[in-house]
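One structure is given below, encoded as structure tokens.
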Amino acid sequence: MKRLIVFDLDGTLAQSKASLDTEMATLLGRLLEVVKVAVISGGAWSQYEKQVLSHLADHDRLSNLSLLPTNGTKFYRRNGTWKELYSEDFSPDQKQKIIGALNAALDRSGIKTDRHWGEVIEDRGSQITFSALGQAAPLDQKKVWDPDFKKREKIKAILDPLIPEFSVNLGGSTSIDVTKHGIDKAYGIRKLRDTLAIPIDEMIFVGDAIFPGGNDYPAKQAGVVSIEVRDPDETKRVIEAIIACLGDGLGAGD
């Protein structure tokens with residue numbers, strides 16, 4: 001029996017940096033009534049608050065929801081209010097080195113953008129994220145900037161030898177994430193296993209990038225039964241199917 005359904009956020013529950021729509025929020029609320037739910041993303045906690053929590057009804061079943069920003073290096077659960085269970089942050093010196101290396105790699109790559117929407121390099125505490133067009137860039141602009149990953153692969157190739165003690169990964173549609181080594185969605189899955197005491201074979205992972213090189217692929221490599229979706233609309237159909245399978249007499253606390 002599956003006891004935990006784990007979702008990616010951008011491209012799976014919502015469009016990149018967009019909020020849950022009304023149908024998705026309703027379906028997640030129904031899902032929380034029958035099974036525990038978690039969301040793992042490279043995004044910061046502020047994105048979870050804006051994209052997810054502000055659109056979910058405030059009821060007791062939110063205690064069945066676990067939120068893991070920055071791929072599980074932060075972990076939040078609700079007990080009356082939302083509490084941070086832990087945060088594995090970089091030291092100030094580590095942050096300074098990473099940001100300096102990112103700026104150097106961008107200069108050497110020769111890749112320029114004409115316009116930015118919001119922060120380009122964001123300190124997420126346990127992750128430093130480069131967003132080529134800025135954190136608030138429109139989705140249509142993000143989709144066309146680097147569809148074949150070539151621009152970011154060039155930047156990553158320069159960045160890797162500058163900070164070999166850290167892990168550099170492509171995330172989202174325009175971003176590069178820098179973390180400690182071993183930090184990816186597989187890490188988040190193992191954190192869920194250890195924190196919630198739910199075996200990996202009792203989880204399902206749903207994401208839009210479950211392919212070699214995709215940022216959801218490590219979850220599959222961790223051994224989770226994985227369902228790849230094209231977009232949030234397909235995720236809705238998956239949630240409906242899970243509710244139909246698990247909802248017959250099964251409570252999330254069971």
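The values are calculated or read from the model by the stated rules, or taken from the named source; none is laboratory data. Because the structure is predicted, anything quoted here is derived from the model rather than measured. Here Cβ is always computed from backbone atoms with ideal geometry, including for glycine, and neighbour counts include all displayed protein chains. These area figures cover heavy atoms from the full protein model, side chains too; ligands, DNA and RNA do not enter into them. Shrake-Rupley method; radii C 1.70, N 1.55, O 1.52, S 1.80 Å.
Quick one: how many residues across the stretch 75-108 are assigned to a helix (DSSP H, G or I) and in contact with a helix residue (DSSP H, G or I) (Cβ under 6 Å, 6 or more places away or on another chain)?
Number satisfying all stated conditions: 3.
Report, ordered by the first and then the second residue, all pairs with beta carbons closer than 9 Å, sequence separation of six or more or different chains, a first member in the stretch 230-249 that is in a helix (DSSP H, G or I), and a second member that is open to solvent by 80 Å² or more (accessible area, probe 1.4 Å) and not charged (D, E, K, R).
Partner pairs satisfying both residue conditions: Leu246/Met1.
Considering (1) open to solvent by 30 Å² or more (accessible area, probe 1.4 Å); (2) at pLDDT 90 or above, say which one Lys74 fails and leave the rest.
Only one criterion is unmet by Lys74, namely (1).
Do any residues in the stretch 51-79 that are touching a residue at least 40 places away in the same chain (Cβ under 8 Å) have Cβ atoms under 6 Å from those of residues that are surrounded by fewer than 20 Cβ atoms within 10 Å (Cβ to Cβ) and among the small types (Gly, Ala, Ser), where the two are at least six apart or on different chains, and which pairs are they?
Gln51/Ser19; Asn64/Ala252; Lys74/Ser87
Which residue, of Leu102, Leu106, is modelled with pLDDT of 95 or more, of a type outside the set (Lys, Arg), buried (at least 18 other Cβ atoms within 10 Å of the Cβ) and touching a Phe, Trp or Tyr at 6+ places or on another chain (Cβ under 6 Å)?
Leu102
Mind listing whichever residues of the stretch 27-64 are of a type in the set (Ser, Thr, Tyr) and assigned to a helix (DSSP H, G or I)?
Of everything in the stretch 27-64, those that are of a type in the set (Ser, Thr, Tyr) and assigned to a helix (DSSP H, G or I) turn out to be Ser46, Tyr48, Ser54, Ser63.
Quick one: in the stretch 109-155, of everything that is in a loop (DSSP other than H, G, I, E, B) and among the charged types (D, E, K, R), which residue is surrounded by the fewest Cβ atoms within 10 Å (Cβ to Cβ)?
Asp114
Return yes when Arg193 is surrounded by fewer than 17 Cβ atoms within 10 Å (Cβ to Cβ) and free of Cβ contacts under 8 Å to residues at least 60 places away in the same chain and no when it is not.
Answer is no for this residue.
Would you mention how many residues in the stretch 156-183 are in a helix (DSSP H, G or I), out of contact with any strand residue (DSSP E or B) (no Cβ under 6 Å at 6 or more places or on another chain) and touching a residue at least 24 places away in the same chain (Cβ under 8 Å)?
Final tally of qualifying residues: 2.
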